[in-house]
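Asks: I have a structure here, written as structure tokens, and I will follow up with some questions on it.
The values are calculated or read from the model by the stated rules, or taken from the named source; none is laboratory data. All values reported here derive from a predicted model rather than from experimental measurement. Cβ: placed from backbone, ideal geometry, glycine included. Neighbour counts: every protein chain shown. Remember, those area values only see protein heavy atoms, side chains included, never the ligands or the DNA or RNA. Shrake-Rupley method; radii C 1.70, N 1.55, O 1.52, S 1.80 Å.
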Amino acid sequence: MKYVLKKFITLIITLLCISAITFGAFSIIPGDAAVSKLGVNASPQQVEALRQEMGLDDPILQRYGRWLSGAVRGDFGDSYQYDNTTVASLLSDRLPVTAMLSVMSFLLILVIAFPLGILSARFSGRGPDIGMNLVTQVIMAVPSFFLGILLTYLFGLVLHWFQPGQFVQPDEDLGACLCYLVFPAIAIALPKIAMVVKFLRNSVLAEMEKDYVRTAYSRGNTKSSVLYRHVLKNAFIPVITFLALLIAEILAGSIIVEQVFSVPGVGRLLITAILNRDYPVVQAVVMYVTALVVVINFLVDLLYQAVDPRIKAGG
Amino acid sequence: MKLLEVDNLTIAFEEGRERQIVVEHAGFSMEKGEILGVVGESGSGKSMVAHCLMGLYKKNEKVIDGRILFDGQSLLAMPREERRRIQGNTMSIVFQEPMTSLNPVKKVGFQVEESLSIHRKELGKQEKKELALQALRDVELPGAEEIYESYPHELSGGMRQRVMIASAIVCRPKLLIADEATTALDVTIQAQIIRLLKKLNASTGMSVLFISHNLRVIQEICSRAIVMWQGKVVEQGTVEEIFRHPKEDYTRRLIAAIPTRKKRRNP
Ligand SMILES: Nc1ncnc2c1ncn2[C@@H]1O[C@H](COP(=O)(O)OP(=O)(O)OP(=O)(O)O)[C@@H](O)[C@H]1O
Ligand SMILES: [Mg+2]
């Protein structure tokens, strides 16, 4: 319990730091919000009036406090780029799409990488392992966006399994939407699958050398019961950390892959917002993504505690 | 009656064409109910013999020659599946490294009763637990119930070694191999464990192959011992004989070296 509390306090502090850094960074970036909102042709009087209205002349701490209290309630202000549109409403359209894409990629990684990693370790040094090693080596070297292009070409243009560019919104037809998202999800997941396979394989093989494995054999365990009853749980511990790191990479990967597959997610929103200097949107997306990564890390810490009994004692 | 007969045992590590012999023509035998000591300096091949008896082989390890008769069965000739039925059941081992020989993420209870789960499939959950608790009490661990539910990292080195012994004796084996079971522990705990092994031997008739590089410890626990040197069994007989009339120059040096009791641990 103490462990959870400690981790939770760390989480809150980290989130506060991130929000401060995000806010600070955007207030340093040159460019005036009032000017970007009114356009370069606005008169100085108009700009000054808007600055007053937006409270841009207030001290930075006051503005930060205002922004933070809004952010906590999910209110990130208005977009500069689209009139009368709140950042929150822009996000609420795109977040579910990116979330589905990321979750799908993550599930693909889990479902495919774990069996393959274990298989690779079981047959280490023999046919299946050598073959897998070769394949993972190649896949890891291919960047996601290029895989995306290949997949679009193969499944979209040659096989016609999906229509590139014809994204279906989830509230229209969830099934069709998911079918479309499978392909970008594969593009994101494949290189990560290769990494996890390799990582898990090496982790299992490293555990196999430990003394407790010899003890397990000395009790009459078969090779597979040693693997499943003793080694795997130990081998998963470092993999959990690795997966947590991967989540940030999946999110980053989805920003790029969304472009390739024309998926209207947070990634696309972010890129257009950056191009249009729509700072409230950029700020909100950055805040969301980093907060998500931090929260996931918190959950991973909890998961750790469930898997590794030594952590409770360490605190 | 003989429980164990080892003849002409030769073990080597082979890598490509290179062959490094680590145990050479080793032979000795053990009576039922006996505690037999094995002494020898570090690297003399004691653990190699012990692990070979257990059927635990390292990478590149090869048994080149020899015969091991255990309880009338020829161990080296039998198929792997049959060998497995002996491991942890009629023959078990306590390793040199108490701190790392237990699985860190499994409860002590699971690990103590594992041999039962493997070899006594007919036992129910509750029966297994009863036997495991009994084994924990046999090794004089206070608060067996609590230890049953704990994890290895919550126990001290001496307690872990007792847990290892408990897990080794839970199936009531005919032979317990104690491979420097006390070397890594401090002197008081060392004495306790030796007393414990003697007690178990007396009360259950379990034979013990007691390996140590400490002649004084051997003197305390065994009546008969063998001396190993550079992979060979250079001497065997009663401890008395070995002490009074050492045949080999090496044994003499070993005896001469007793007071400088060096403590070491394998990595
Ligand atoms: N994996 C291995 N590859 C090559 N040689 C090995 C390997 N493991 C052990 N040996 C060698 O086998 C010999 C016997 O080792 P063993 O562990 O049986 O010694 P020991 O008598 O148990 O010593 P200690 O008192 O240190 O436990 C040593 O010379 C060691 O170098
Ligand atoms: Mg040894």
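Asks: Scan the stretch B:73-102 residue by residue and report those that are in contact (Cβ under 8 Å) with a residue 12 or more places away in the chain, part of a loop (DSSP other than H, G, I, E, B) and either under 13 Å from B:Leu155 (Cβ atoms) or open to solvent by 30 Å² or more (accessible area, probe 1.4 Å) (or both).
Replies: Selection gives B:Leu76, B:Arg85, B:Thr90, B:Pro98, B:Met99, B:Ser101, B:Leu102.
Asks: Here are the criteria: (1) loosely packed, with under 15 Cβ neighbours inside 10 Å; (2) farther than 15 Å from B:Asp179 by Cβ; (3) among the polar types (S, T, N, Q). Tell me which single one B:Ser29 does not satisfy.
Replies: Among (1) loosely packed, with under 15 Cβ neighbours inside 10 Å; (2) farther than 15 Å from B:Asp179 by Cβ; (3) among the polar types (S, T, N, Q), B:Ser29 violates only (1).
Asks: All but one of (1) within 16 Å of ligand 1 (Cβ to nearest atom); (2) open to solvent by less than 10 Å² (accessible area, probe 1.4 Å) hold for B:Thr183, so report the exception by its number.
Replies: Result: B:Thr183 fails condition (2) only.
Asks: If you go through the stretch B:188-205, how many residues are in contact (Cβ under 8 Å) with a residue 60 or more places away in the chain and either of a type in the set (Val, Ile, Thr) or touching a helix residue (DSSP H, G or I) at 6+ places or on another chain (Cβ under 8 Å) (or both)?
Replies: 3
Asks: For the stretch B:196-221, give me each residue that is among the basic types (Lys, Arg) and either within 16 Å of ligand 1 (Cβ to nearest atom) or farther than 13 Å from B:Ala178 by Cβ (or both).
Replies: B:Lys199, B:Arg216
Asks: Also, I was wondering about something else. Residues of the stretch B:125-151 being touching a Ser or Thr at 6+ places or on another chain (Cβ under 9 Å) and within 14 Å of chain A (Cβ to nearest Cβ), which ones?
Replies: B:Lys128, B:Ala132, B:Ala135, listed by residue number.
Asks: Residue by residue through the stretch B:64-91, note down the ones that are under 13 Å from the mean Cα position of the chain (by Cα) and closer than 29 Å to B:Arg19 by Cα.
Replies: Of everything in the stretch B:64-91, just one residue is under 13 Å from the mean Cα position of the chain (by Cα) and closer than 29 Å to B:Arg19 by Cα, namely B:Gln87.
Asks: I'm checking my understanding of the structure. Among residues of the stretch B:32-50 that are open to solvent by 20 Å² or more (accessible area, probe 1.4 Å) and closer than 14 Å to B:Ala178 by Cα, which one is farthest from ligand 1 (Cβ to nearest atom)?
Replies: B:Glu34
Asks: Just to be sure, is B:Leu185 touching a residue at least 60 places away in the same chain (Cβ under 8 Å), within 16 Å of ligand 2 (Cβ to nearest atom) and farther than 30 Å from B:Gln20 by Cβ?
Replies: In short, yes.
Asks: Right, next: Please verify whether A:Asn221 is within 14 Å of chain B (Cβ to nearest Cβ) and touching a strand residue (DSSP E or B) at 6+ places or on another chain (Cβ under 9 Å), treating the condition exactly as stated.
Replies: yes
Asks: Can I ask one more? Do we have any residue at all in the stretch B:26-47 that's within 16 Å of B:Met91 (Cα to Cα), within 14 Å of chain A (Cβ to nearest Cβ) and either out of contact with any Pro (no Cβ under 7 Å at 6 or more places or on another chain) or hydroxyl-bearing (Ser, Thr, Tyr) (or both)?
Replies: Within the stretch B:26-47 (the criterion being within 16 Å of B:Met91 (Cα to Cα), within 14 Å of chain A (Cβ to nearest Cβ) and either out of contact with any Pro (no Cβ under 7 Å at 6 or more places or on another chain) or hydroxyl-bearing (Ser, Thr, Tyr) (or both)), the answer is yes, since at least one residue qualifies.
Asks: For the condition at pLDDT 90 or above and among the β-branched types (Val, Ile, Thr), what is the one hit in A:Val239, A:Val282, A:Val263?
Replies: Exactly one of A:Val239, A:Val282, A:Val263 is at pLDDT 90 or above and among the β-branched types (Val, Ile, Thr), namely A:Val239.
Asks: Next question. Please count how many residues of the stretch A:271-285 are of a type in the set (A, V, I, L, M) and surrounded by fewer than 17 Cβ atoms within 10 Å (Cβ to Cβ).
Replies: Residues flagged as of a type in the set (A, V, I, L, M) and surrounded by fewer than 17 Cβ atoms within 10 Å (Cβ to Cβ) within the stretch A:271-285 amount to 3.
Asks: Restricting to the stretch B:48-85, count the residues that are within 11 Å of another protein chain (Cβ to nearest Cβ) and either within 16 Å of ligand 2 (Cβ to nearest atom) or in contact with a Cys (Cβ under 8 Å, 6 or more places away or on another chain) (or both).
Replies: The total comes to 7.
One line per residue, one yes/no per condition, for (1) under 25 Å from A:Lys233 (Cα atoms); (2) at pLDDT 90 or above; (3) in a helix (DSSP H, G or I):
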| position | (1), (2), (3) |
| --- | --- |
| A:Pro96 | no, no, yes |
| A:Ser102 | no, yes, yes |
| A:Phe106 | yes, yes, yes |
| A:Val111 | yes, yes, yes |
| A:Pro115 | yes, yes, yes |
| A:Ile130 | yes, no, yes |
| A:Val138 | no, no, yes |
| A:Phe146 | no, no, yes |
| A:Leu151 | no, no, yes |
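Asks: Moving on. Looking at B:Gln192, B:Gln230 in this structure, which one is within 15 Å of ligand 2 (Cβ to nearest atom), more than 16 Å from B:Phe95 (Cα to Cα) and more than 14 Å from chain A (Cβ to nearest Cβ)?
Replies: B:Gln230
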